[in-house]
1. I want to confirm something. Restricting to the range 92-124 and keeping residues that are among the β-branched types (V, I, T) and in a helix (DSSP H, G or I), which single residue is modelled with the highest pLDDT?
2. Please tell me if S167 is without any contact (Cβ under 8 Å) to a residue 60 or more places away in the chain and closer than 30 Å to S110 by Cβ.
3. Yes or no: A361 touching a residue at least 24 places away in the same chain (Cβ under 8 Å), not assigned by TED's automatic domain parsing to the domain that holds L246 and not β-branched (V, I, T)?
4. Hey, any hits in the range 56-70 for a residue that's at pLDDT below 50, hydrophobic (A, V, I, L, M, F, W, C) and in contact with a helix residue (DSSP H, G or I) (Cβ under 9 Å, 6 or more places away or on another chain)?
5. If I filter the range 147-163 for residues that are surrounded by fewer than 15 Cβ atoms within 10 Å (Cβ to Cβ), at pLDDT 90 or above and part of a helix (DSSP H, G or I), do I get at least one hit?
6. Run down R338, R319, R324, R383 and say which single residue is closer than 25 Å to Q241 by Cβ, free of Cβ contacts under 8 Å to residues at least 40 places away in the same chain and among the charged types (D, E, K, R).
7. Taking the options L243, L334, L341, L270, name whichever one is under 16 Å from P390 (Cβ atoms), surrounded by fewer than 19 Cβ atoms within 10 Å (Cβ to Cβ) and under 29 Å from the mean Cα position of the chain (by Cα).
8. Which condition number in (1) among the charged types (D, E, K, R); (2) modelled with pLDDT under 85; (3) within 19 Å of V242 (Cβ to Cβ) is the one that D130 fails?
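The values are calculated or read from the model by the stated rules, or taken from the named source; none is laboratory data. Just so we're clear, the structure is a prediction, and the values are computed from it rather than from any experiment. Backbone-built Cβ (ideal geometry, glycine too); neighbour counts: all protein chains shown.
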Amino acid sequence: MKASLAVLVTTLLGSNEAVGLPKLPTTSYDRPPSSRELEPEAAAGVLSRATFAWLNPTLRLGNQRPLEEHDLPPLSKMDSSQTATDNFDHHFEAMRAVGTASQPNAVALSLWRSFGREFAAAGVVKLLSDVCQLATPLLLRHMIALLEGGANAAQGVRATLALFAVSCLQAFSLRHYFAQLFRTGLRLRAAVVGATYRKLLRVAPTARVSSGDVTNLIGPDSQRICDLVPYLHALWFAPLQVLAALGLLYSEVGLLPLLPGLAVVLGMLLANRAIATATYRCQQVLLVARDLRVRRAREALGAIKVIKLHAWELAFGERVGQARGQEVAAFTALIRLRSLLAAVFASTPALVAVAILGTYALLGRTLRLQTAMTVLSAVNLLRSPLLFLPLVLQSAQEARTSLARLQAFLHAAEARSLTPGPLADVGLRLEGVELSWD
């Protein structure tokens, strides 16, 4: 019996030391990367994966000293850039073979076919988290009803345990949702960078692809697409959360007290959208000001001998200081807008609750504890969608522009590959021509 229990715990935890069994040989991260054969996540048990306990050795070591490359766990094959790029190239070339690669959303469709399954699976986990989040106000209302009705201790314990279990399941599913989508975003970014690099090796000189375009594709554009992935599900779960919260409020207070709350929600959405738009514009101004400051500082450092010889320190210092002043002004405005956005985010539930409960009391209805706590718990469901939905819509537009640039680059003209052979015959003959470079 003890041996069977030890085997079961070992299977769940992925560890023999916890049950007193002999320690099996494990992969040491202190060895060179070429000798690290086992992936700790693949060798971990079910419970270790569920709680991310397989990361504990790395986190413990990072707490003791700065991590180095050989301290990190080996990368799984599915997370490698080669696997991600091969997967994307396979689907994009398949679309090119059937003549659909020139469609406006061909790159987005190829990315969906490459990583859409794991993205959709994370959406199912998010749906479970939202269901648990919606069940919390219902359980809270049930507990208050039990208290007001004089329930016994057994009923209270069952309701408390149910609320605790739902909260744990909600937190558990939400963490796995973000963990999966952040991993999917990194795979997608690796695919974009890898596809760009492979295309760059084949692009023809006549394509006129600048180094700035390539730098933007492997830098800001790929990062923008990667950052959108963890929050793209907000396009469906944000409206769902709003409808669920409004339905719960309607069942508790009725239609008339709910109307002022809807007005506050609409006003906050418009304010959030306006602030998000202003934040995006301020970020663009900040990027331009930062580039100007860096360029002027680089020019001054590159010509420092000439500047010192002619005593131009004050003039060049004033130019750099002026650019720095513009950068600081843009950054200050950005910080203020972010603070305002945070204030709107924090005050929305309170304002909605005040509007609903105030109208409920003005209508002459008796405000009970059950009604007040249910309303306060339900309006908290509006916090996340009111924040994420406008930001995700804006980020989706930016990512769409990045995908369009990537698709234009992937359709650039390619150089013709040389076939193997002895080159005995003339491959290209030019007679009586005038050549020039445009």
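1. Residue satisfying both the conditions and the ranking: V124.
2. Working: without any contact (Cβ under 8 Å) to a residue 60 or more places away in the chain: yes; closer than 30 Å to S110 by Cβ: no.
No.
3. no
4. Checked against the condition, which is being at pLDDT below 50, hydrophobic (A, V, I, L, M, F, W, C) and in contact with a helix residue (DSSP H, G or I) (Cβ under 9 Å, 6 or more places away or on another chain), the range 56-70 yields no hits at all.
5. Yes, there is a match, as at least one residue in the range 147-163 is surrounded by fewer than 15 Cβ atoms within 10 Å (Cβ to Cβ), at pLDDT 90 or above and part of a helix (DSSP H, G or I).
6. R383
7. L270
8. (2)
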